[in-house]
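Below is one structure, written out as structure tokens, with a few remarks after it.
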Amino acid sequence: MLTNASNFIKEVDGVFLFILGISLLLLIMITVLMVIFVFKYNRKKNPKPRNIKGNTTLEIIWTVIPTVLAVGMFYYGWYGYKKMTAAPKDAYEINVIAKMWKWDFTYPNGVTIDSLVVPINKPVKLNIKSIDVNHSFFIPAFRIKKDAIPNKDNYLWFIPQEKGVYDILCAEYCGLRHAYMYSKIYVVHQDEFDEWMKKLSVKINQ
């Protein structure tokens, strides 16, 4: 599993593990209590039914604890989400156009290609639009996703922190060839990126 591909790995994985941990604890606790109650309060041991009086302390506990857990999960997720919406002013901007069934990436110099190349350790902001139906731009390794909706401008940003090649997917069903709406993001060093942009610009202008 990638652990440092982008700057959002820690927050997103942290929220996931936090919620998973709470869920597992609750599952174990409830399962254990169910087994205990099955044996302790079965009909053979308790042939005559008994009235059970309310317990105010217990009711307060099982109301307060789930509330605290729910608020904690919400805050943890909201804290990470706010960071994901605050793109730096100096971020390198690339326009992303979604359409059935491909992604187009337009760089500041006007060059448009069908894959994404970005420099490592530099903030990148993607301005996302759709020209037909709803799509969803998703880079699983970076833990980032944003819907591409007709007549609506969306964006996301990230800092790629590991050189490599990663998958770009459409995470929302958009038609018969949805599964083919697939591309790649290449994270390279700044000098490689500059050289690639230079060669691409020359090739297109020829």
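With respect to the stated conditions, Ala87 fails to be in contact with a His (Cβ under 7 Å, 6 or more places away or on another chain) and not basic (Lys, Arg). Test Trp78 against the criterion of being of a type outside the set (Asp, Glu), closer than 30 Å to Met29 by Cβ, within 17 Å of the chain's Cα centre (by Cα) and loosely packed, with under 13 Cβ neighbours inside 10 Å, and give yes or no. The answer is yes for Trp78. Would a scan of the range 7-29 turn up a residue that is assigned to a helix (DSSP H, G or I), closer than 24 Å to Gln161 by Cβ and touching a Ser or Thr at 6+ places or on another chain (Cβ under 7 Å)? Yes, that holds for at least one residue. With a requirement of 3 or more residues that are within 20 Å of the chain's Cα centre (by Cα) and exposed (fewer than 15 other Cβ atoms within 10 Å of the Cβ), the strands (runs of 3 or more DSSP E) lying completely within the range 95-206 that satisfy it span 164-170. Of the set (1) of a type outside the set (Phe, Trp, Tyr); (2) modelled with pLDDT of 95 or more; (3) out of contact with any Leu (no Cβ under 8 Å at 6 or more places or on another chain); (4) over 19 Å from Val188 (Cα atoms), all apply to Asn151 but (2).
Take Asn46 and decide whether it is free of Cβ contacts under 8 Å to residues at least 12 places away in the same chain and either assigned by TED's automatic domain parsing to the domain that holds Glu162 or loosely packed, with under 10 Cβ neighbours inside 10 Å (or both). Break it down stepwise before answering.
On the way: free of Cβ contacts under 8 Å to residues at least 12 places away in the same chain: yes; either assigned by TED's automatic domain parsing to the domain that holds Glu162 or loosely packed, with under 10 Cβ neighbours inside 10 Å (or both): no.
Criteria not met by Asn46.
With respect to the stated conditions, Lys83 is part of a helix (DSSP H, G or I), basic (Lys, Arg) and touching a residue at least 24 places away in the same chain (Cβ under 8 Å).
Would you confirm, using the coordinates I've provided, whether Trp62 is surrounded by 10 or more Cβ atoms within 10 Å (Cβ to Cβ), of a type outside the set (Val, Ile, Thr) and in contact with a Cys (Cβ under 9 Å, 6 or more places away or on another chain)? Answer is no for this residue.
Taking the listed residues Lys163, Lys199, the one that is modelled with pLDDT under 90 and either aromatic (Phe, Trp, Tyr) or farther than 14 Å from Phe105 by Cβ (or both) is Lys199, with no other qualifying.
Within the range 58-73, can one find any residue that is part of a loop (DSSP other than H, G, I, E, B), over 30 Å from Tyr180 (Cα atoms), not assigned by TED's automatic domain parsing to the domain that holds Ile149 and not aromatic (Phe, Trp, Tyr)? Can you show your working first?
So the first thing to find is which residues in the range 58-73 are part of a loop (DSSP other than H, G, I, E, B), and the list is none.
Looking through the range 58-73, none of the residues is part of a loop (DSSP other than H, G, I, E, B), over 30 Å from Tyr180 (Cα atoms), not assigned by TED's automatic domain parsing to the domain that holds Ile149 and not aromatic (Phe, Trp, Tyr).
The values are calculated or read from the model by the stated rules, or taken from the named source; none is laboratory data. In this text, all values refer to a predicted model and were calculated from it rather than measured experimentally. Methodologically, a virtual Cβ is constructed for each residue, glycine included, from the backbone with ideal geometry; neighbour enumeration extends over all protein chains shown.
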